[in-house]
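Novice: Input: one structure, supplied below.
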Amino acid sequence: MQRQNLAVISAILAVACANVAKADDSELLKRIEQLETRINELENNQTQIPMPTAQATPMNSMSAFNPYISVVLNGAYNYYSNRNKEISGFQIGEEGESPDKGFSLGESEINIGANVDDKFLANLTAAVVSEDGDDKIELEEAYVQSMGLPYGITVTAGRMKPVFGYLNEKHAHTDEFADRPLPYRVFLNNAYRDDGVQASVVLPTDFYTEIGGGLYKGGYFPSSSEGSGDGAANAFVKFGGDITDNHAWLAGFSYLYAKSNKGRESDDILFKGKDNLYGISLKYTYAPTGNNKETEFALQGEYLFRDEKGKYNIEDAGFEQYNNKSSGWYLQGTYKFMTNWKVGYRYAQMRADDVSDALKDTPLDAKGHKPQMHSLMVEWNNSEFSRIRLQYNYDKTSKKDDNQIVLEYTMSFGAHGAHSF
Amino acid sequence: MKKFIMFLMIAMLVTPNSFALNVFTCEPEWKSLTEEITKNTADVYSATNASQDVHYIQAKPSLMAKIRKADMVVCTGADLEIGWLPLILRKAGSAKVQEGGANLIYASQYVTTIEKPTRIDRADGDVHPNGNPHLHLNPYNILKVGKIIVDKLADIDSENANFYAQNYDNFAAKMRAKIKDWENQARELNGVNIITNHKNMSYLFDWLNIKTIGTLEPKPGIPATSKHLGELKTLTEKNKIAFIAYAPFESSKPAKWLSQESGIKAVVLPYTIGGNKQVNDLFDLFAVSIDLMLGAKGK
């Protein structure tokens, strides 16, 4: 390499000399000086930059595990002074009920995923839950997803938690409180999951805009369909961005259609009909200097509105037509005041519709009572992977006033989890 | 006319800045390096700034909007951005910038990482299996990564390949000359002992042969405890320590406490571009860091 260069340079010099033979000496000397500098530069280049080549190190080590596995263990102790099993005016699903008193294992979750190839990724989340003394495995998610499709399109197929509001698609262990807020417990049985296809597009706008929607079998609360392929459908639009480096926000509007022609059943209440559920959600975070590791304030709120048409059969008393409009909302604030500590407050409220005479004195008759809940929590995170949380709920979801205390741990291990917004 | 206006609106929505190359970088050092090569011809964005701890960033909506338009992505890798980069890439990145895609550059792939743990266990704190990812604080690494960026830019935008190559050559020549100056200037720091908050400036210390004999964090990612600080105080009594260093996004409390107790100066080093008002490019980053360390060390 060195030798070749020198040969080339001598050749150039020779040619240069021949060409400038007639020019005066000073010009010739100048040219030679220039060439010498050039040689020095070339030599420097050769000795000082070894050509970088890819080494058998780095990248994100997630991909070193094929598939990657992460496990989340969750356990709690629940105390109730006067437990309300029902939420006045509503039929609620099994998971929307408050957890058993005393010690209980929450959802122990196993997540396995990988890039299948350059175009698909797959993810499987199984939760082991204990219900009435039986341990059951629930398939929370089992989906394949496209990667890198043009125009910002993503297609997801399989078992998933469709996008609805802010919380539905999120795993419960990433929540800021031990329990889901009332509107999610009532309208979505904590979280609606189903089998189907969902597509979304991230638009090339300056602030974040995503639109999407999907079709589902309708196999899970709030749907209960015979599986004709149109049991449920969702549509959503999300916007978000930053205001300076210190503020970030995300807003969403979503819609869920759920058909129950087979009959949605829980606690001796059977419903046949259709739900149209609408949601507005907002999340905002503020971190002084933009550094959320030390301090962060987060505000999150959602309003859900349900337009339900159909008939209810309560304790086999026969079907009664009950077209109703109900709603619920919550607003929560959390404040991380030190790297390891966070406190939060949440208020949630529901409003049921008035019932017809035939449904008087049934669980659907709220008798003007507005279910409400105040929650206070404090949590300690030893690291990104472990959390211990103490939460107090003042629960007025039914006629009784209930003081609840929850102490819970959440530990995640295995592949590094995502910091979703 | 109506059709024309519609077309204009759609065109504006779909192709803002379509003439400029969009480069998404994860950290300010890669933004600065890319800009040395593209000058003002590309739209270069940094996902984070000097006051943020990069590891803890969330997959914010603004990042998804930015990566959606990226023609090229330059990040550190080695797990530094593992909490958020895979998520935003999946959600909004084009095929070319996906994991394994042609236009995704992980700097850590092209340099030799240091402090690779021999034991991968989170009982040791938030360990990075692929070694220390804060590799930009060694100027030789900057030259290597710059070479990769310039080659990639030539691939993507071959029309301007010569322009990029010329800019890189100028930058590299200046950097090489400066490295010699800095190395001479920092001779006084050769072999001194220091304490740092977290091992995020190891490449700087490694380059200048400065020995880190303690960290304010008891374990990586675990904040300082009073017990551990007490132990460090004993360490300062037994060893000659030149200074205590920490980064702009880290709490100054533990460093200041130890400084007060031991009489050793605590110094906040810029860490990256913007980490200090005087640091506007990569040359400033090394020059200011060395000045600050020499000042803190004293005679």
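The values are calculated or read from the model by the stated rules, or taken from the named source; none is laboratory data. All of these numbers come straight from a predicted model, not from anything done at the bench. So basically every Cβ, Gly included, is an ideal-geometry build from the backbone, and we count neighbours across all protein chains shown.
Novice: Starting from residues that are modelled with pLDDT of 95 or more and surrounded by 23 or more Cβ atoms within 10 Å (Cβ to Cβ), keep the ones in segment A:224-239 and report whichever is nearest to the other protein chains (Cβ to nearest Cβ). Outline the logic, then answer.
Specialist: So the first thing to find is which residues in segment A:224-239 are modelled with pLDDT of 95 or more, and the list is A:232-239.
Keeping just the survivors that are surrounded by 23 or more Cβ atoms within 10 Å (Cβ to Cβ) gives A:232, A:234, A:236.
Working: A:A232: 23, A:N234: 17, A:F236: 14 Å.
Only one residue tops the list, namely A:F236.
Novice: With segment B:205-299 as the region, which helices (runs of 4 or more DSSP H) entirely inside it contain at least 2 residues that are closer than 25 Å to B:D124 by Cβ? Even if it seems obvious, please write down each step before you answer.
Specialist: Details: elements: B:226-238, B:253-262, B:282-297.
Filter on segment B:205-299 gives B:226-238, B:253-262.
Novice: While we're looking at this one, here's another question. Looking only at segment B:164-189, count how many residues are of a type in the set (D, E) and either crowded, with 20+ Cβ neighbours inside 10 Å or closer than 19 Å to A:I39 by Cβ (or both).
Specialist: To start, the set of residues in segment B:164-189 that are of a type in the set (D, E) comprises B:169, B:181, B:183, B:188.
Filter once more, so that each one left must be either crowded, with 20+ Cβ neighbours inside 10 Å or closer than 19 Å to A:I39 by Cβ (or both): B:169.
The qualifying residues number 1.
Novice: Is it the case, given these coordinates, that B:F163 is in the same structural domain as B:W30 (by TED's automatic domain parsing), more than 17 Å from B:I264 (Cα to Cα) and in contact with an Asp or Glu (Cβ under 6 Å, 6 or more places away or on another chain)?
Specialist: Working: in the same structural domain as B:W30 (by TED's automatic domain parsing): yes; more than 17 Å from B:I264 (Cα to Cα): yes; in contact with an Asp or Glu (Cβ under 6 Å, 6 or more places away or on another chain): no.
No: the conditions fail for B:F163.
Novice: Separate question: Out of the residues in segment A:125-167 meeting the condition of being in contact (Cβ under 8 Å) with a residue 40 or more places away in the chain and polar (S, T, N, Q), tell me which one is surrounded by the fewest Cβ atoms within 10 Å (Cβ to Cβ).
Specialist: The selected residue is A:T154.
Novice: Quick check on this structure: which one of B:D155, B:D126, B:D121 is surrounded by fewer than 18 Cβ atoms within 10 Å (Cβ to Cβ), under 19 Å from B:T25 (Cβ atoms) and not assigned by TED's automatic domain parsing to the domain that holds B:P223? Spell out how you get there, then give the answer.
Specialist: Working: B:D126 fails: under 19 Å from B:T25 (Cβ atoms); B:D121 fails: under 19 Å from B:T25 (Cβ atoms).
None of the others qualify; the one that does is B:D155.
Novice: Within segment B:156-189, track down each residue that is over 24 Å from B:V23 (Cα atoms) and touching a Leu at 6+ places or on another chain (Cβ under 7 Å).
Specialist: Listed by number, the residues that qualify are B:A186, B:E188, B:L189.
Novice: Now for a separate question. Within segment A:21-37, how many residues are surrounded by 10 or more Cβ atoms within 10 Å (Cβ to Cβ), of a type in the set (D, E) and either part of a loop (DSSP other than H, G, I, E, B) or at pLDDT 80 or above (or both)?
Specialist: 1
Novice: While we're looking at this one, here's another question. Does A:D195 qualify as being in contact with a strand residue (DSSP E or B) (Cβ under 8 Å, 6 or more places away or on another chain), more than 14 Å from chain B (Cβ to nearest Cβ) and acidic (D, E)? Lay out the reasoning, then the answer.
Specialist: On the way: in contact with a strand residue (DSSP E or B) (Cβ under 8 Å, 6 or more places away or on another chain): yes; more than 14 Å from chain B (Cβ to nearest Cβ): yes; acidic (D, E): yes.
Against the criterion (in contact with a strand residue (DSSP E or B) (Cβ under 8 Å, 6 or more places away or on another chain), more than 14 Å from chain B (Cβ to nearest Cβ) and acidic (D, E)), A:D195 qualifies.
Novice: Sticking with this structure for a sec: Restricting the search to segment A:368-399, which residues are closer than 23 Å to A:S327 by Cβ and assigned to a loop (DSSP other than H, G, I, E, B)?
Specialist: So the first thing to find is which residues in segment A:368-399 are closer than 23 Å to A:S327 by Cβ, and the list is A:368-375, A:393-399.
Those that are closer than 23 Å to A:S327 by Cβ and assigned to a loop (DSSP other than H, G, I, E, B): A:G368, A:H369, A:K370, A:P371, A:T397, A:S398, A:K399.
Novice: Still on this model: Looking at (1) away from chain B (no Cβ under 14 Å); (2) buried (at least 20 other Cβ atoms within 10 Å of the Cβ), can you tell me which one A:A298 breaks?
Specialist: Here A:A298 clears every test but (1).
Novice: Still on this model: Could you run through segment B:58-89 and say how many residues are without any contact (Cβ under 8 Å) to a residue 60 or more places away in the chain, closer than 20 Å to A:H416 by Cα and either charged (D, E, K, R) or more than 7 Å from chain A (Cβ to nearest Cβ) (or both)?
Specialist: 9
Novice: Okay, moving on. Could you please let me know if A:T334 is within 14 Å of chain B (Cβ to nearest Cβ) and of a type in the set (V, I, T)?
Specialist: Working: within 14 Å of chain B (Cβ to nearest Cβ): yes; of a type in the set (V, I, T): yes.
Taking the combined requirement at face value, the residue satisfies it.
Novice: Whether any residue in segment A:336-345 is in contact with a Pro (Cβ under 7 Å, 6 or more places away or on another chain), in the same structural domain as A:F297 (by TED's automatic domain parsing), at pLDDT 95 or above and over 16 Å from A:I269 (Cα atoms) is what I want to check.
Specialist: Among the residues of segment A:336-345, not one is in contact with a Pro (Cβ under 7 Å, 6 or more places away or on another chain), in the same structural domain as A:F297 (by TED's automatic domain parsing), at pLDDT 95 or above and over 16 Å from A:I269 (Cα atoms), which makes the answer no.
Novice: For segment A:373-385, name all the residues that are at pLDDT 95 or above and either surrounded by 15 or more Cβ atoms within 10 Å (Cβ to Cβ) or within 14 Å of another protein chain (Cβ to nearest Cβ) (or both). Reasoning before the result, please.
Specialist: Restricting attention to segment A:373-385, the residues satisfying the condition of being at pLDDT 95 or above are A:373-380.
Of everything in segment A:373-385, those that are at pLDDT 95 or above and either surrounded by 15 or more Cβ atoms within 10 Å (Cβ to Cβ) or within 14 Å of another protein chain (Cβ to nearest Cβ) (or both) turn out to be A:M373, A:S375, A:M377, A:E379, A:W380.
Novice: Filter segment A:204-223 down to the residues that are within 14 Å of chain B (Cβ to nearest Cβ) and modelled with pLDDT of 95 or more and list them by number. It would help to see each step written out before you state the result.
Specialist: So in segment A:204-223, the residues within 14 Å of chain B (Cβ to nearest Cβ) come out as A:204-212.
Correct list: A:Y208, A:T209, A:E210, A:I211, A:G212.
Novice: Can you tell me which condition A:R193 does not meet? The list is (1) buried (at least 21 other Cβ atoms within 10 Å of the Cβ); (2) within 23 Å of A:L376 (Cα to Cα); (3) not small (G, A, S), and all the others hold.
Specialist: (2)
To keep it simple, each residue is scored yes or no on (1) in the same structural domain as B:D155 (by TED's automatic domain parsing); (2) buried (at least 23 other Cβ atoms within 10 Å of the Cβ); (3) touching a helix residue (DSSP H, G or I) at 6+ places or on another chain (Cβ under 6 Å).
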site: B:A20; (1), (2), (3): yes, no, no
site: B:L33; (1), (2), (3): yes, yes, yes
site: B:N40; (1), (2), (3): yes, no, no
site: B:D43; (1), (2), (3): yes, no, no
site: B:A47; (1), (2), (3): yes, yes, yes
site: B:D53; (1), (2), (3): yes, no, no
site: B:I57; (1), (2), (3): yes, yes, no
site: B:K60; (1), (2), (3): yes, yes, no
site: B:A65; (1), (2), (3): yes, yes, no
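Novice: Another question, if that's okay. Select, from B:A107, B:A102, B:A123, B:A92, the only residue that is within 19 Å of the chain's Cα centre (by Cα) and either facing chain A (nearest Cβ under 7 Å) or small (G, A, S) (or both). Let's see the steps before the verdict.
Specialist: Numbers: B:A102 fails: within 19 Å of the chain's Cα centre (by Cα); B:A123 fails: within 19 Å of the chain's Cα centre (by Cα); B:A92 fails: within 19 Å of the chain's Cα centre (by Cα).
Just one listed residue meets the conditions, B:A107.
Novice: Select from segment B:217-246 the residues that are under 12 Å from B:A266 (Cβ atoms) and under 23 Å from the mean Cα position of the chain (by Cα) and write down the one among them that is surrounded by the most Cβ atoms within 10 Å (Cβ to Cβ).
Specialist: B:A245
Novice: Scan segment A:320-343 for residues that are surrounded by 16 or more Cβ atoms within 10 Å (Cβ to Cβ) and part of a strand (DSSP E or B) and report the count. Break it down stepwise before answering.
Specialist: Looking only at segment A:320-343, we keep the residues that are surrounded by 16 or more Cβ atoms within 10 Å (Cβ to Cβ), and these are A:320, A:322, A:324, A:326-334, A:336, A:339, A:342.
Restricting the remaining residues to those that are part of a strand (DSSP E or B) gives A:320, A:324, A:326-334, A:336, A:342.
Total satisfying the criteria: 13.
Novice: Go through segment A:135-190 and give me each residue that's within 15 Å of the chain's Cα centre (by Cα) and among the basic types (K, R).
Specialist: A:K161, A:K170, A:R180
Novice: Check A:K136 against each of (1) in a strand (DSSP E or B); (2) at pLDDT 90 or above and name the one condition it does not meet.
Specialist: Every listed condition holds for A:K136 apart from (2).
Novice: Please specify each residue of segment A:261-313 satisfying the condition of being acidic (D, E) and over 18 Å from A:S420 (Cβ atoms). Walk me through it before giving the result.
Specialist: Residues of segment A:261-313 that are acidic (D, E), as a first pass: A:265, A:267-268, A:275, A:294, A:296, A:302, A:307-308.
Within segment A:261-313, A:E265, A:D267, A:D268, A:D275, A:E294, A:D307, A:E308 meet the criteria.
Novice: I need the full set of residues from segment B:136-165 which are within 9 Å of chain A (Cβ to nearest Cβ) and of a type in the set (A, V, I, L, M), in order please.
Specialist: B:L143, B:V145, B:I148
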